[in-house]
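The values are calculated or read from the model by the stated rules, or taken from the named source; none is laboratory data. Because the structure is predicted, anything quoted here is derived from the model rather than measured. Cβ placement follows ideal geometry from the backbone for every residue including glycine, while neighbour counts extend to all protein chains displayed. In case anyone asks, the SASA skips ligands and DNA or RNA and just uses the protein heavy atoms, side chains included. Shrake-Rupley method; radii C 1.70, N 1.55, O 1.52, S 1.80 Å.
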Amino acid sequence: MISVCPMTVLREDLDLAVPHAEELFIGGSWQPPATAARFVVVNPSNENVLAELPDVAPADIDKAVAAARAAFDEGTWPRLPMAERTARLRGFT
């Protein structure tokens, strides 16, 4: 599967190294994917390969959904003020 984003303008001088490119972030930690399947991310303006990342399997999705449900039901997330939740989410970018 090739993933493209036609609205993205990328500069060639950017360092696009992807930390943890072999793993998925699930349940608050980096974890290996359920399969070895990969997908290629391509720059649509010049078709250069930007990254090759794990392709999630149904088992990965189930694990992530279960972790999200547990975090919501048992964790502090739903009780945090909106500003703090926003700040935490922006920390990923």
task = Please work out if ASN43 is open to solvent by less than 60 Å² (accessible area, probe 1.4 Å), of a type in the set (S, T, N, Q) and at pLDDT below 95.
result = yes
task = Those residues that are under 19 Å from GLY27 (Cβ atoms) and surrounded by fewer than 10 Cβ atoms within 10 Å (Cβ to Cβ), I need them from the stretch 79-93; list them, please.
result = ARG79, LEU89, GLY91, PHE92
The stretch 53-78, subset farther than 14 Å from LEU24 by Cβ and not small (Gly, Ala, Ser), residue least open to solvent (accessible area, probe 1.4 Å) = PRO78
Failed condition for PHE25, given (1) open to solvent by less than 60 Å² (accessible area, probe 1.4 Å); (2) modelled with pLDDT of 90 or more; (3) under 21 Å from THR93 (Cβ atoms) = (1)
query = Just wondering, is there one or more residues in the stretch 65-81 that are modelled with pLDDT of 90 or more, part of a loop (DSSP other than H, G, I, E, B) and in contact with a Leu (Cβ under 9 Å, 6 or more places away or on another chain)?
reply = no
